[in-house]
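Report on the structure given below.
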Amino acid sequence: MAVPRIAVDAILLHRGKLVLVKRGTPPFLGQYALPGGGVEFRERLEDAVEREVREETGLVAETVRLLGVYGDPDRDPRGHTISIAYVLNSIGGRLKAGTDASDAKLVPLTRVPRLAFDHSRIVDDYRSSLRG
């Protein structure tokens, strides 16, 4: 019996803008996405999202809060993946693409392009949380 994989995604703010990474590997090759990835065995979720941010963006970040849990079985074409999304603030490092990202960029929250996976929904949920 197959079980869903667990991932983390980051709403990462750096200098007041949202950090996006361009996917350097399939699926969604060449499309922008939120930084994130798989949780390693025996890894705390907050540690996983901070590690993924560091690996993909070069930034050191601290977790601010949980945003939500996303479990649509079709959100990832590789298979059922449940993602826990967090809000983080950068606290150091230098923005540069790393690991499986081919680019990293900053965008204003008002000008976020269409994103891979269900990341546009995650950004919309973040915007809604700001309005209270």
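The slack between Asp74 and Ile91, meaning 0.36 nm per residue of separation minus the straight C-alpha distance, is 2.7 nm.
When only alpha carbons are used to place a centre, the stretch 103-130 and the stretch 14-68 end up 13 Å from one another. Placing dummy labels 7 Å off each Cα toward the beta-carbon, the span from Met1 to Asp103 is 4.4 nm.
Remark: Phe28, Phe41, Phe117 ranked as Phe41, Phe28, Phe117, counting other beta-carbon atoms within 10 Å and listing the fewest first. Sorting Ser102, Ser83 by the number of Cβ atoms found within 10 Å of their own Cβ, with the fewest placed first, yields Ser102, Ser83.
Between rounded, prolate and oblate, where does the stretch 3-81 land on the alpha carbon gyration tensor, with a ≥ b ≥ c its root eigenvalues, rounded for a/c under 1.5, else prolate if a/b exceeds b/c? Note, shape of the stretch 3-81 comes out oblate.
Taking other C-beta atoms within 10 Å as the exposure proxy, Thr81, Thr110, Thr99 rank Thr110, Thr99, Thr81 from fewest upward. On the basis of the beta-carbon distance and an R0 of 22 Å, Asp125 and Glu46 show a calculated FRET efficiency of 0.75. Which translational diffusion coefficient, to the nearest whole µm²/s, is obtained for the chain from the Stokes-Einstein equation, given a Kirkwood hydrodynamic radius over C-alpha pairs, 20 °C and 1.002 mPa s? The Stokes-Einstein estimate is 147 µm²/s.
Read-outs: derived from the displayed coordinates by stated rules, not from any lab. Source: prediction; values computed, not measured. FYI the Cβ positions are ideal-geometry reconstructions off the backbone, even for glycines, and counts take in every protein chain you see.
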